[in-house]
Amino acid sequence: MTRTRVSLTVLNLDTATFECTYGRGCEGICCQNGRPPVSTEESARIEKNLPKFMPHLTPQARQLIQQHGFVSRRMKSGKPMLRVVGGWCVFFHQGCVLHKVGAAEGDKFKYKPAPCALFPLERDDASGHLYVRQHGYKGEQWDLFCLDPGNTSIKAAESLAEELAYAKRLVSE
């Protein structure tokens, strides 16, 4: 399986803070209008396992996928983006369905597109290194509670340990 190689250098890891509060005041706002790009390999993996996901989706998401598929014609970084239904990622229903099914199988990242699995880690186009998305860093404009470094004192190196380990897995594959 071919995956995009990412550097394990995280530019602002020593100063960044991050705390995901999903289920503790946040209802998954990062998935609202979430349109992550999906690679050919990621799309094929989702397509192959679509029967596992369909029963967990909203009726509107199932209908949209049945009629038009789960990727749109919109492109980002040269890749098609996941569809949105009702303002939310087509795979969001009381949390990420791809995450929940993968977790039940022992790997919560198994089916998620890399941008979702690694959030809030982002690749810097200029250097190729990763960075933690934060208000005020690299012009971050997405106004999410979790991206405001003033909202938590938890170091991103600690809170993102699983995402960093996953990034390392991506590099080694």
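Looking at (1) 15.9, 46; (2) 17.8, 65; (3) 24.7, 90, which value of Rg and Dmax of the Cα atoms in Å comes from a calculation on the structure shown?
Recomputing Rg and Dmax of the Cα atoms in Å here picks out (1).
Once the other residues with Cβ under 12 Å from the Cβ of THR17 are scored (Lys, Arg +1; Asp, Glu -1), what is the net sum? The partial results should precede the final answer.
On the way: positive: ARG133, LYS155; negative: ASP14, GLU19, ASP148, GLU158.
Taking every Cβ under 12 Å from that of THR17, the sum is -2.
Give the distance, in whole Å, between the Cα centre of the stretch 49-83 and the Cα centre of the stretch 90-150.
One Cα centre to the other: 18 Å.
Which net charge results for the neighbourhood of ALA161, defined as the other residues with beta-carbon distances under 14 angstrom from its beta-carbon, given Lys and Arg at +1 and Asp and Glu at -1?
Combined, the nearby Lys, Arg, Asp and Glu give 0.
Using a Cα-Cα cut-off of under 12 Å, which aspartates and glutamates could be cross-linked to LYS52, ignoring same-chain neighbours fewer than 8 residues away?
Those aspartates and glutamates meeting the cut-off are GLU105.
For the pair LYS138 and SER153, how long in nm is the line joining their label points, each one 7 Å along Cα→Cβ?
Those two pseudo-labels are separated by 2.8 nm.
Restricting to DSSP H runs of at least four residues, report the calculated mean residue ellipticity at 222 nm for the chain, -39500 (n - 2.57) per run over all residues, nearest 500 deg cm²/dmol. It would help to have the intermediate numbers written out before the result.
Numbers: 6 runs with 53 residues, N = 173.
Estimated from H runs of four or more residues: -8500 deg cm²/dmol.
Near GLN94, within a Cβ-to-Cβ distance under 13 Å, what is the net charge of the other residues, with Lys and Arg +1 and Asp and Glu -1? Walk me through the numbers on the way to the answer.
On the way: positive: LYS100; negative: GLU27.
Around GLN94, the surrounding residues sum to 0.
Go through LYS48/LYS110; LYS48/LYS100; LYS108/LYS168; LYS76/LYS108; LYS48/LYS112; LYS110/LYS168 and tell me which ones have a Cα-Cα distance over 21 Å in this structure.
On the way: LYS48/LYS110 13 Å; LYS48/LYS100 17 Å; LYS108/LYS168 15 Å; LYS76/LYS108 24 Å; LYS48/LYS112 13 Å; LYS110/LYS168 14 Å.
Table pairs above 21 Å Cα-Cα are LYS76/LYS108.
Let me know the Kirkwood hydrodynamic radius for the stretch 103-173, please, with Cα pairs as the basis and the value in Å to one decimal.
Details: mean 1/r = 0.0748 Å⁻¹.
One decimal place: 13.4 Å for the Kirkwood radius.
According to a simple spin-label model (label point 7 Å from Cα along Cα-to-Cβ), what is the distance in nm between SER77 and GLU27?
2.9
Values quoted throughout were computed directly from the atomic coordinates according to the rules given, and no laboratory measurement underlies them. For clarity, every value in this text was computed on a predicted model and none was experimentally measured. For neighbour counting, all protein chains shown are included, and Cβ atoms are generated from backbone atoms with ideal geometry for every residue, glycine included.
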